[in-house]
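First the structure, in the form of C-alpha cells, and then the observations on it.
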Amino acid sequence: MNHVLRFPQSPGLRPIDCGAQPMFDGDVRTRVARSAGAPGEQTVMATEFAAGSSTVWHSHDTDQTLVVTAGSARLDYADGPIELQAGDVVTVPAGVPHRHLSSGDQPMTHLSVTGYGRNHLQL
C-alpha cells in the first residue's frame, strides 16, 4: 500500500504522539507512510518536533536519511553538531550514534528514511 505524505497534513495518516516512547524527549508527533517489514525495505516517516524536543542518542542498523521540511534542526554527533534548515538533506551512516532535535524557537519537521533493522538507544 502506498501513502502520500503531504505537509503539513496527510489525509488518512493520523499523527502518533511519541512523547511516551523512550526514543523521544519532549513533544514529538510522527506520521508513518511506510514501515519496513523485511530486509531491503525502508521505513518512511514525517516527524514534527516542538521547539526544544529531540530524539535521545541512538544509532540504526542501516543508514538513515533525513530531509528537513520545516524549521531548523540540529543533528548531534559525538564529535559535534550539524545545523540544518528546511530543504537540507543529510544521511547518518549505519551504527553512528546521533540525535536529532528542533534547534529553533519554532517546531521542526523532518522526513526520515531508514532501512529495515533495529534502533539502538544510547541511554
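Answer yes or no: is there a residue in segment 67-74 that is part of a loop (DSSP other than H, G, I, E, B) and surrounded by fewer than 15 Cβ atoms within 10 Å (Cβ to Cβ). So far as segment 67-74 goes, no, none of its residues is part of a loop (DSSP other than H, G, I, E, B) and surrounded by fewer than 15 Cβ atoms within 10 Å (Cβ to Cβ). Restricting attention to segment 28-53, which residues are acidic (Asp, Glu) and under 11 Å from the mean Cα position of the chain (by Cα)? Across segment 28-53, the qualifying residue is only GLU48.
Every residue, every condition in (1) open to solvent by less than 30 Å² (accessible area, probe 1.4 Å); (2) among the hydroxyl-bearing types (Ser, Thr, Tyr); (3) modelled with pLDDT of 95 or more, yes or no:
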| residue | (1), (2), (3) |
| --- | --- |
| PRO39 | no, no, no |
| GLN42 | no, no, no |
| TRP57 | no, no, yes |
| ASP76 | yes, no, yes |
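So if I check each of GLY40, GLY52, which one is in contact (Cβ under 8 Å) with a residue 24 or more places away in the chain, on the phi > 0 side of the Ramachandran plot, in a loop (DSSP other than H, G, I, E, B) and in contact with a Leu (Cβ under 9 Å, 6 or more places away or on another chain)? Working first, answer last.
On the way: GLY40 fails: in contact with a Leu (Cβ under 9 Å, 6 or more places away or on another chain).
That would be GLY52, the only listed residue that is in contact (Cβ under 8 Å) with a residue 24 or more places away in the chain, on the phi > 0 side of the Ramachandran plot, in a loop (DSSP other than H, G, I, E, B) and in contact with a Leu (Cβ under 9 Å, 6 or more places away or on another chain).
Exactly one of (1) at pLDDT below 90; (2) aliphatic (A, V, I, L, M); (3) buried (at least 16 other Cβ atoms within 10 Å of the Cβ) is unmet by VAL28. Its number? For VAL28, the exception is condition (1).
Look at segment 94-123: where a residue is farther than 20 Å from SER72 by Cβ and a partner is of a type in the set (Phe, Trp, Tyr) and open to solvent by 20 Å² or more (accessible area, probe 1.4 Å), sitting 6+ places away or on another chain with Cβ atoms under 7 Å, you get VAL96/TYR77; PRO97/TRP57; GLN122/TRP57.
The values are calculated or read from the model by the stated rules, or taken from the named source; none is laboratory data. Bear in mind the structure is a predicted one, so any value in this text is a computation, not a measurement. Quick reminder, even Gly has a Cβ in these numbers, built from the backbone with ideal geometry, and neighbours come from all protein chains shown. Ligands, DNA and RNA are excluded from the accessible area calculation, which covers all protein heavy atoms including side chains. Shrake-Rupley method; radii C 1.70, N 1.55, O 1.52, S 1.80 Å.
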